[in-house]
1. Mind checking which residues of the range 216-245 are surrounded by fewer than 16 Cβ atoms within 10 Å (Cβ to Cβ), modelled with pLDDT under 95 and among the charged types (D, E, K, R)?
2. Taking into account only those residues within the range 114-144 that are in contact (Cβ under 8 Å) with a residue 60 or more places away in the chain, more than 25 Å from P256 (Cβ to Cβ) and in a loop (DSSP other than H, G, I, E, B), which is farthest from the ligand (Cβ to nearest atom)?
3. Considering only the range 176-194, I want to know if a residue exists there that is touching a residue at least 24 places away in the same chain (Cβ under 8 Å), more than 27 Å from I271 (Cα to Cα), aromatic (F, W, Y) and not in a loop (DSSP other than H, G, I, E, B).
4. Can you name every one of the strands (runs of 3 or more DSSP E) wholly within the range 286-386 that holds 3 or more residues which are aliphatic (A, V, I, L, M) and open to solvent by less than 30 Å² (accessible area, probe 1.4 Å)?
5. From R23, R96, R108, grab the single residue that is open to solvent by less than 80 Å² (accessible area, probe 1.4 Å), at pLDDT 75 or above and either in a loop (DSSP other than H, G, I, E, B) or over 28 Å from G140 (Cβ atoms) (or both).
6. Need the failing condition index for G455 against (1) under 20 Å from T583 (Cβ atoms); (2) under 28 Å from the mean Cα position of the chain (by Cα), just the number.
7. Here are some residues: S163, S157. Which one is hydroxyl-bearing (S, T, Y), assigned to a loop (DSSP other than H, G, I, E, B) and more than 16 Å from the ligand (Cβ to nearest atom)?
8. Across the range 127-178, what is the total count of residues that are hydrophobic (A, V, I, L, M, F, W, C) and either surrounded by fewer than 17 Cβ atoms within 10 Å (Cβ to Cβ) or closer than 17 Å to G206 by Cα (or both)?
Amino acid sequence: MTASKKDPGARVKVLREQIAHHRTKYYVDDAPEITDAEYDALERELRAIEAEHPELLAPDSSSLRVGGEPSEAFVNVRHRTPLLSLDNAYSEDDLRAWNERLTRAAGRSVDRYVVEPKIDGLSIALWYRNGLLERAVTRGDGIVGEDVTANVRTIRSIPPRLSSPAPFVEARGEIFMPRASFQALNEARRSSGEPPFANPRNAASGSLRLLDSGITASRKLDVFFYALAEIEGVFPPNTHTEGLARLEALGLRVNPLNAICRSYDEVMAGIEAIRGLRDQLDYEIDGAVVKADDLELQRHAGSTSKFPRWAVAYKYPAEQAQTRVLDIVVQVGRTGALTPVAELAPVALAGTTVSRATLHNEDEVARKDVRVGDTVVIEKAGEIIPQVMRVVVERRAKGAAKFSMPTVCPVCGSQAVREEGEVVTRCTGVSCPAKRREALLHFASRPGMDIQGLGDALVDQLLDKELVLDVADVYRLDAGTLAELSRMGKKSAENVVAEIAASKARPLHRLLFALGIRHVGERAARVLASSVGSVDALKNAAHESLEAIPEIGPKTAASVRTFFDQPRNRELIRRLTQAGVRTEAAEEELAPIRPLDSAFAGKTVVLTGTLPGVSREEAKARVEALGGRVSGSVSKKTDFLIAGDEPGAKMDRAMALGVRVVGPEEFARMTTATIPDRA
Ligand code: IVH
């Protein structure tokens, strides 16, 4: 009889102690005593006993880490003290000026600083009550954040219980996605047809805000803590470094590169030392943070409304390289969009070799005037995807021809057209192989029918051998046929067939998304499934009744109609139905969808000026995520003008037209409202 059968309670206790010990050794001390496999075995054993004896579950059980209850939405939580942002220094002059301001504000010279890597992730505040993790709150607007506790519990380096309990502890740190996890995640996304994340920060933030903590658990996030914001019941630390040491003693991971510096010159050397290590680190950093160490001095120096005076972020310049454009090729996507891509002479940049860079669209190529043979400057600014910044015109060869967008699709030869008011040129071919390929990948992608194993490599072979022509053919594949393809054993063929069979039962909204109807994204697919209820009803819905559905605009309504009016698509639906794919909404899907909780839903928004701490792309993404549309110019139809510092002429025009103007702080509040999916 095993120890756990005899006395499961005692075994659980031993296991928990062992796990806590090895967790600290691994994540905090960086000195593991056992292998990963041995550690996993301990966790598995504990989970197995807990599954059998739910009465033994404790609030910090690792069983509660993975999966758990999917949270419906994120609740807003007010921070105990505001999470301020950091002022930036871009040069030595900036840093010197900061040091002078600090010295003046402190009223004395500063003799101890701490220099830390500035981790490129997202900030998090963790509350531990009586040693147990109670809440994890994102930064939000600094005043109010989102409760992401369920997801944070899935991060292995965040202990559910501190090694020594205090009545209350608030620890602040940065959650990030290690480069290796980021690359693996993006590869998986590419092969399942999902769009890759642009950089590890976006990936981390997207992963933390998933409604399904089971998916967060698979995303391999990590954390470094950089501040002990509050500790009750014991004497408070006197210095920042003391706070960091306490964090470590509590079992919270602190960055090993943090360094104490005793003079301004040492600070500069510390910043350079971290910069030198930048490419070797397993995580992205975008600078170094310099802090005054003495907490009394920090209090004396105080803060402005946005930044503490006692700390500054020294930003490293984006890494750049020069290389030659070998060719400009044009790729074709699922919707037939033609994207020009620069093929580059391979060049090392920020730890990776770069050989391609997207040029986005025709206008973008024209604006930068990139030509084949040109020498270009490429840059990675915390982004993994390199951008062509500019052409070194002096090095252009005589006679280099301007790039022109092809007038026919490079894959199928059908006419390619750019419609009035659009930036994108599209292939008009109805059976373009490139479109077919992307359509199949989209159909099988995770937010679509989620058919694991049906990725790039398999889809290419299926198309080459003409085993499938469209998505309905997928349901006719059998294991025997698949097993004959290259890199496909019997076992993997059977797995794919099982995945295909399982996909037939996916909820209706996934099918609607997977069909790849233009303008029908995940959200619109849910709205349509819940209000229309079945593919049949949707097929026959009139344009007006579609447009009457909340959140469905005229463009989407027209696109749905166009899709179902094509006999080819009606036939496709008939074959999918015949194959046994679910085409009716399940009971739960019919529940009304809670409207987008946002002032921007369905509104037209224009941006002007700089918003502190928010880039133009980020601001645009936020508005779009909340259902708004960003337009370039102010007109009578504009609902909001978001005005940052130094607004341009758009401000005058908005005032003249009586358009509602929103300042940076109000914008921050408006964009931190949560977007629950269901009521
Ligand atoms: S200290 C009151 N230390 O950078 C200032 N922040 O741009 C508290 N960050 O919001 C922040 N690494 O999310 C601090 N070692 C570090 C950091 C760090 C990354 C982030 C943090 C902050 C942002 C400001």
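The values are calculated or read from the model by the stated rules, or taken from the named source; none is laboratory data. Worth saying up front: this structure is predicted, and the values here are computed from it rather than measured. Here Cβ is always computed from backbone atoms with ideal geometry, including for glycine, and neighbour counts include all displayed protein chains. SASA here: full protein model, heavy atoms, side chains in, ligands and nucleic acids out. Shrake-Rupley method; radii C 1.70, N 1.55, O 1.52, S 1.80 Å.
1. E232, the sole residue that qualifies.
2. That would be I143.
3. no
4. Strands (runs of 3 or more DSSP E) meeting the threshold: 311-315, 319-332, 337-349, 375-380.
5. Testing whether each residue is open to solvent by less than 80 Å² (accessible area, probe 1.4 Å), at pLDDT 75 or above and either in a loop (DSSP other than H, G, I, E, B) or over 28 Å from G140 (Cβ atoms) (or both) leaves just R23.
6. The one condition G455 does not meet is (1).
7. S163
8. Applying the first criterion (hydrophobic (A, V, I, L, M, F, W, C)) to the range 127-178 yields 127, 132-133, 136-137, 143-144, 148, 150, 152, 155, 158, 162, 166, 168-169, 171, 175-177.
When the remaining residues are screened for being either surrounded by fewer than 17 Cβ atoms within 10 Å (Cβ to Cβ) or closer than 17 Å to G206 by Cα (or both), the result is 132, 136-137, 143, 148, 150, 152, 155, 168, 175-177.
Here the count works out to 12.
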